[in-house]
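The values are calculated or read from the model by the stated rules, or taken from the named source; none is laboratory data. Since this is a predicted model, take the numbers as computed values, not measurements. All Cβ positions, glycine included, derive from the backbone under ideal geometry; neighbour counts span all protein chains shown.
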Ligand SMILES: [Zn+2]
Ligand SMILES: [Zn+2]
Ligand SMILES: [Zn+2]
């Protein structure tokens with residue numbers, strides 16, 4: 001069984017965008033309110049957080065999230081990392097260090113940004129005490145969830161998506177991508193569900209636009225496709241109508257249950 005909760009489905013600005021008066025930013029449909037992208041993946045026994053976005057505090061309060069078994073990072077961009085300090089609350093409730101998985105590039109940036117947390121002399125329970133693991137792009141297991149990192153191209157930083165497997169079910173998550181390298185393609189084929197970057201309709205230099213995501217999903221053929229990391233140029237209902245039958249827009253609070 002896998003239970004996937006979209007804590008946030010927005011791009012780096014969030015939606016509404018500060019100071020913007022466009023139709024989407026003024027929309028009263030809650031599905032047009034998008035916190036920064038972050039995901040919770042749960043099995044019967046294990047809870048994983050993917051990225052610590054700047055909206056993590058609000059997300060944890062909304063969903064009464066008080067404990068995680070590990071945090072995984074896709075990449076070092078600030079919309080995926082700057083909620084790091086909010087994970088203190090998860091550390092108050094555990095005696096062991098909090099397992100943290102990332103690629104080498106992201107890990108070294110996290111150590112620069114939040115050096116105090118990684119310092120071995122940090123024994124104070126009130127701070128985050130991570131147990132850092134460089135996964136090196138290789139599969140690993142946390143509790144009863146198998147995790148396969150999927151290398152993707154995005155801007156200038158080392159970036160991974162992840163495939164989660166538990167109880168025979170599979171879920172892929174690729175929030176930031178501009179190109180899928182050929183060797184990564186087989187890892188994302190025929191999943192039970194796959195969520196992928198779809199920033200806007202117009203092309204973008206460092207992100208998939210909606211048509212890129214649709215074209216790739218038509219090739220990869222997930223049973224259920226989801227579009228996430230969405231900006232304010234995309235209205236929820238309009239996107240829902242635009243997408244083919246097997247693909248839908250994600251939204252904040254959407255739960256995908258694979259059992
Ligand atoms: Zn992002
Ligand atoms: Zn706007
Ligand atoms: Zn990014």
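Side notes on the structure shown:
- Every residue from segment 169-178 that is touching a residue at least 60 places away in the same chain (Cβ under 8 Å) and assigned to a loop (DSSP other than H, G, I, E, B): 175, 176
- Residue list for segment 199-227, filter: touching a helix residue (DSSP H, G or I) at 6+ places or on another chain (Cβ under 6 Å) and part of a helix (DSSP H, G or I): 220
- Just one of the numbered conditions (1) surrounded by fewer than 22 Cβ atoms within 10 Å (Cβ to Cβ); (2) at pLDDT below 95; (3) in contact with a helix residue (DSSP H, G or I) (Cβ under 9 Å, 6 or more places away or on another chain) is not true of residue 116: (3).
- Candidates 191, 187 - the one that is closer than 24 Å to residue 164 by Cβ, more than 16 Å from ligand 1 (Cβ to nearest atom) and assigned to a helix (DSSP H, G or I): 187
- Counted as qualifying within segment 55-168 are the helices (runs of 4 or more DSSP H) with 1 or more residues that are over 16 Å from the mean Cα position of the chain (by Cα) and without any contact (Cβ under 8 Å) to a residue 60 or more places away in the chain, namely 56-62, 88-92, 104-113, 115-118.
- Search result, residues across segment 171-198 that are within 16 Å of ligand 3 (Cβ to nearest atom) and touching a helix residue (DSSP H, G or I) at 6+ places or on another chain (Cβ under 8 Å): 174, 175, 176, 180, 196, 197, 198
- Across segment 35-51, the number of residues qualifying as surrounded by 24 or more Cβ atoms within 10 Å (Cβ to Cβ) and either within 15 Å of ligand 3 (Cβ to nearest atom) or not in a strand (DSSP E or B) (or both) comes to 6.
- Whenever a residue of segment 6-32 is without any contact (Cβ under 8 Å) to a residue 12 or more places away in the chain and within 30 Å of residue 47 (Cβ to Cβ), it has no partner that is in a helix (DSSP H, G or I) and away from ligand 2 (no atom under 11 Å from the Cβ) lying with C-beta atoms less than 6 angstrom away and at least six residues away or across chains.
- Per the listing 206, 213, the residue uniquely farther than 15 Å from residue 227 by Cα and either within 12 Å of ligand 1 (Cβ to nearest atom) or crowded, with 20+ Cβ neighbours inside 10 Å (or both) is 206.
- Residue 84, sole failed condition from (1) more than 16 Å from ligand 3 (Cβ to nearest atom); (2) over 24 Å from residue 178 (Cβ atoms); (3) surrounded by 14 or more Cβ atoms within 10 Å (Cβ to Cβ): (1)
- Among residues of segment 231-257 that are within 22 Å of residue 190 (Cβ to Cβ), none has a Cβ under 8 angstrom from a residue that is modelled with pLDDT under 95 and outside any loop (DSSP other than H, G, I, E, B) at a sequence gap of 6+ or on a separate chain.
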